[in-house]
Amino acid sequence: MAEKKARLSTIYEYDPEKGTIRLKNKKCPRCNSIMAHHEKPIPRWACGSCGFTDYERKKA
């Protein structure tokens, strides 16, 4: 089964005034892959490659 590739417009943001390209999501500290952001049931960042999960803390 072939991997489904994401469109570049969903991964990166381009600022034409400054001429910069920025990654929208975080990178995994373990394997350096792009992490996914999940809102429900618990807000968290998850890596699909190595399984690392970073939970967001509630703001007081």
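Read-outs throughout are calculated quantities, based only on the coordinates presented, and are distinct from any laboratory measurement. Please read these numbers as outputs of a predicted model, since none were measured by experiment. A quick note on method: Cβ atoms are made from the backbone with ideal geometry, for glycine too, and the neighbour counts reach across all protein chains shown.
Helix-derived [θ] at 222 nm for the chain: sum -39500 (n - 2.57) over DSSP H runs of at least 4, divide by residue count, nearest 500?
Details: 1 runs with 4 residues, N = 60.
The per-residue figure over the chain is -1000 deg cm²/dmol.
Find me the longest stretch of the chain that has none of the exposed trypsin sites (Lys or Arg not before Pro), where exposed means in a DSSP loop (not H, G, I, E or B) with at most 15 other Cβ atoms within 10 Å. Intermediate results must be reported in sequence, preceding the final value.
Details: sites that count: Lys4, Lys5, Arg7, Lys18, Lys24, Lys26, Arg30, Arg57, Lys58, Lys59.
The answer is 31-56.
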Original post:
Taking every pair of alpha-carbon atoms in the chain, what share in percent sits in each 10 Å bin, from 0 to the bin with the longest distance?
Top reply: 19, 40, 31, 10, 0
Subject >> Selection of GluC sites (Glu not before Pro), the chain, meeting DSSP coil and at most 14 other Cβ within 10 Å >> reply: Glu3, Glu17, Glu39, Glu56
Subject >> Contact order normalised by residue count of the chain, Cα under 8 Å, 6+ apart, percent >> reply: 18 percent
